[in-house]
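What follows is a set of notes on a single structure, which appears directly below.
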Amino acid sequence: MTNSSTVQNQRDFFNSNITKNLDFRLKQLSILNDAIRKNEKALSEAIFKDFKKSKYTTFVSELSLIYSEISFAKKNLRKWARAKKVKTNPLNFPAKSSIIPEPLGVSLIISAWNYPFMLSFSPVVSAIAAGCAIVLKPSEISSNSSSAIAKIIRENFDEKYFSVIEGGADESQELLSQKFDKIFFIGSKRVGKIVYEAAAKKLTPVTLELGGKSPTFVTENCNLDICVKRLVWAKYINAGQTCIAPDYVLIHKSIKNDFLNRLKSEIEDSKFSIEKGNYVQIVNEKNMQRLIALLEEGKVFFGGHYDMESRWIEPTIMSDISFTDSVMQEEIFGPILPVIEYENLDEIISQVKKLPKALACYIFSSDKKEQKTILSELSFGGGCINDAIMHISNNNLPFGGVGESGFGAYRGQAGFKAFSHFKSILSKPTFFELPFKYFFPKS
């Protein structure tokens, strides 16, 4: 079956209005939940082949988030889908006004490789809840995970409603040449521009999650023990291959040495290893080579060892870094943490503001004034105060970027909105009419 016929079948199915039924949507969410649970072993085996990721880490960082999102959507769907009454202005008296959610239609979801299950099924949950028909294109980079995802979808869903297309850039390009009612993309800025350009030709609404260099502020007023513990976990989970990983640290000069030593000790105590199950390999040789090139001689404070054959890079800290160093020119997406020293908070904020807007920002400080200053000065997708990456676990918080880190949001109600259109309706009775509406002054 060609991609064009797949999309047409999806459109025919959507136009039958079956997906608009709330009971149908709730049933599909239950089917997805049960299908993932029945295939947990197969999913874990597939992701182990791609990343050497442990079963436990797969459950915690991917599957548990999907289960949570499905449960949240099922609990709230009827409320989200309800028509909302709003006030009517005096000019239209007497009348009633309302906003009615409706599904956008046939949706294309192109997901990323770094968390292949969570980043595929999370937007799928939103699309199902909104009442859309779905075409999913998993990333070919995590090929074993892509195959496992495709198997689950093909065995549990009518392909006219929810289909999956595997393949690489050629398949993505061919899909982008089709007319969709919504395109949702997670990936790099470079590919995001291609997706956006293709969507613009057909005036298709788009949600883009593109990542970026997410800063972490560590001020002299932080709880250093908690900061280091949470930061090390957030940076090195999935070997740093996380779109909202702390990309670099801005550390106050007065605590820099203490911070670096504690960071080193925490990494050593964590004993990151694939064998222990708390670490993974880099996804492919291309990304290995890119990361190795960032390890500038003389600036590695700790770590820096790697093995090309096993695609393993040791958790690494780089110190005495400036904004002009090569490690600061692109998103790292690996287990390398550059540390930049600062003395004046306002001055370092000014430096960060010169960079593209980030997908995330993290603030480790107990000083409310410092927190407020950073939050008000910097624009970024989302983040945490005194923690890192955990904001993605709260279904009540919209997740998405701003500027070059993307636009639009998903998860929870934000995901429902991303795949919905909201119709504005004014309803007027016929028993009464205001005469001045038809009055025109004589010339």
Working carefully through the options Leu176, Leu136, find the one that is surrounded by 15 or more Cβ atoms within 10 Å (Cβ to Cβ), touching a strand residue (DSSP E or B) at 6+ places or on another chain (Cβ under 6 Å) and over 30 Å from Ser427 (Cβ atoms).
Leu136
List the pairs whose first member sits in region 409-424 and is over 25 Å from Phe380 (Cβ atoms) and modelled with pLDDT of 95 or more, whose second member is aromatic (Phe, Trp, Tyr) and not in a loop (DSSP other than H, G, I, E, B), and whose Cβ atoms are under 8 Å apart, counting only residues at least 6 apart or on separate chains?
none
Collect the residues in region 344-369 that are outside any helix (DSSP H, G or I), closer than 15 Å to Leu250 by Cα and under 23 Å from the mean Cα position of the chain (by Cα), keeping them in residue-number order.
Leu355, Ala358, Ala360, Cys361, Tyr362, Ile363, Phe364
Counted residues, region 53-72 - those being over 11 Å from Ser122 (Cα atoms), hydrophobic (A, V, I, L, M, F, W, C) and touching a residue at least 60 places away in the same chain (Cβ under 8 Å):
1
Looking at Tyr248, Tyr279 in this structure, which one is under 24 Å from the mean Cα position of the chain (by Cα), outside the structural domain of Pro116 (by TED's automatic domain parsing), surrounded by 14 or more Cβ atoms within 10 Å (Cβ to Cβ) and under 22 Å from Ser405 (Cβ atoms)?
Tyr248
Check on Glu341, of a type in the set (D, E, K, R), outside the structural domain of Ser405 (by TED's automatic domain parsing), modelled with pLDDT of 95 or more and assigned to a strand (DSSP E or B):
yes
Answer yes or no as to whether Lys20 is in contact with an Asp or Glu (Cβ under 8 Å, 6 or more places away or on another chain) and of a type outside the set (Gly, Ala, Ser).
yes
Answer yes or no as to whether Ser71 is among the polar types (S, T, N, Q), over 17 Å from Ala239 (Cα atoms) and surrounded by fewer than 21 Cβ atoms within 10 Å (Cβ to Cβ).
yes
Would you check which residues across region 1-19 are loosely packed, with under 15 Cβ neighbours inside 10 Å and in contact with a helix residue (DSSP H, G or I) (Cβ under 9 Å, 6 or more places away or on another chain) and list them?
Met1, Thr2, Ser4
Within region 1-33, considering residues that are without any contact (Cβ under 8 Å) to a residue 60 or more places away in the chain and among the charged types (D, E, K, R), the one nearest to Ile109 (Cα to Cα)
Lys27
A careful count of residues in region 154-196 that are within 21 Å of the chain's Cα centre (by Cα), under 24 Å from Lys41 (Cα atoms) and either outside any strand (DSSP E or B) or modelled with pLDDT under 95 (or both) gives 2
Selection count where residues are among the hydrophobic types (A, V, I, L, M, F, W, C) and on the phi > 0 side of the Ramachandran plot, scope region 118-177:
0
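The values are calculated or read from the model by the stated rules, or taken from the named source; none is laboratory data. Just so we're clear, the structure is a prediction, and the values are computed from it rather than from any experiment. In this analysis, Cβ positions are derived from the backbone assuming ideal geometry, glycine residues included, and neighbour counts consider all displayed protein chains.
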